[in-house]
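Some notes on the structure that comes next.
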Amino acid sequence: MSFKNFVNMNNNNKRRTPGGILLTTLFLLGFLCFMSNTGYAQTLQAPPSALHWKSTEDVSSILKAQVTVLNQQIPGIAEGTPLYDNTLRRVAYFKSIILEISKGATVAQALDLSIPAAATLGFEKEASYTPKIILKALHTETRVMLTN
């Protein structure tokens, strides 16, 4: 292939750019559609009302014990570190669950109602501080701890 043919080939490609963009766009849209079907696949979970929750008394005592242990750990953790924030988040979440249960909420309701306390480290920081994935993991971990 000579240099002249190479230059002409480049000129031909320039005229076909809209088709190339269209093809690229279709490829990306197809990829996104494919990923949206598989990327968010989840296992089916039972609704919270179908779970076998521990009694509210047991839940309160379990969470109070967890708060005591976490409060004992806080002085040994460097302030401002992710571990420190996660420990504060757990304390705030567990205390809020206990409070919601004392107000008459079910255990399942209390877990959901207490998410803002965990997100803001006990209402001390802005609500958008904690990523949703961390809150979901904390909610799931607590749900597993409080079901039979």
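Cβ separations smaller than 8 Å between residues 6+ apart or across chains give the following pairs from the stretch 111-128 residues that are in the same structural domain as residue 62 (by TED's automatic domain parsing) and in a helix (DSSP H, G or I) to residues that are modelled with pLDDT under 90 and exposed (fewer than 15 other Cβ atoms within 10 Å of the Cβ): 116/123; 116/127; 117/123; 119/127; 119/128; 119/129. Of all residue pairs spaced 6 or more apart or on separate chains, those with beta-carbon atoms under 7 Å, a first member in the stretch 76-91 that is assigned by TED's automatic domain parsing to the domain that holds residue 131 and a second member that is outside any helix (DSSP H, G or I) and modelled with pLDDT of 90 or more are 83/77; 84/77; 84/78; 87/77.
The values are calculated or read from the model by the stated rules, or taken from the named source; none is laboratory data. None of these values were measured; they are calculated from a predicted model. No Cβ is skipped: glycine too gets one built from the backbone with ideal geometry, and neighbour counts run over all protein chains shown.
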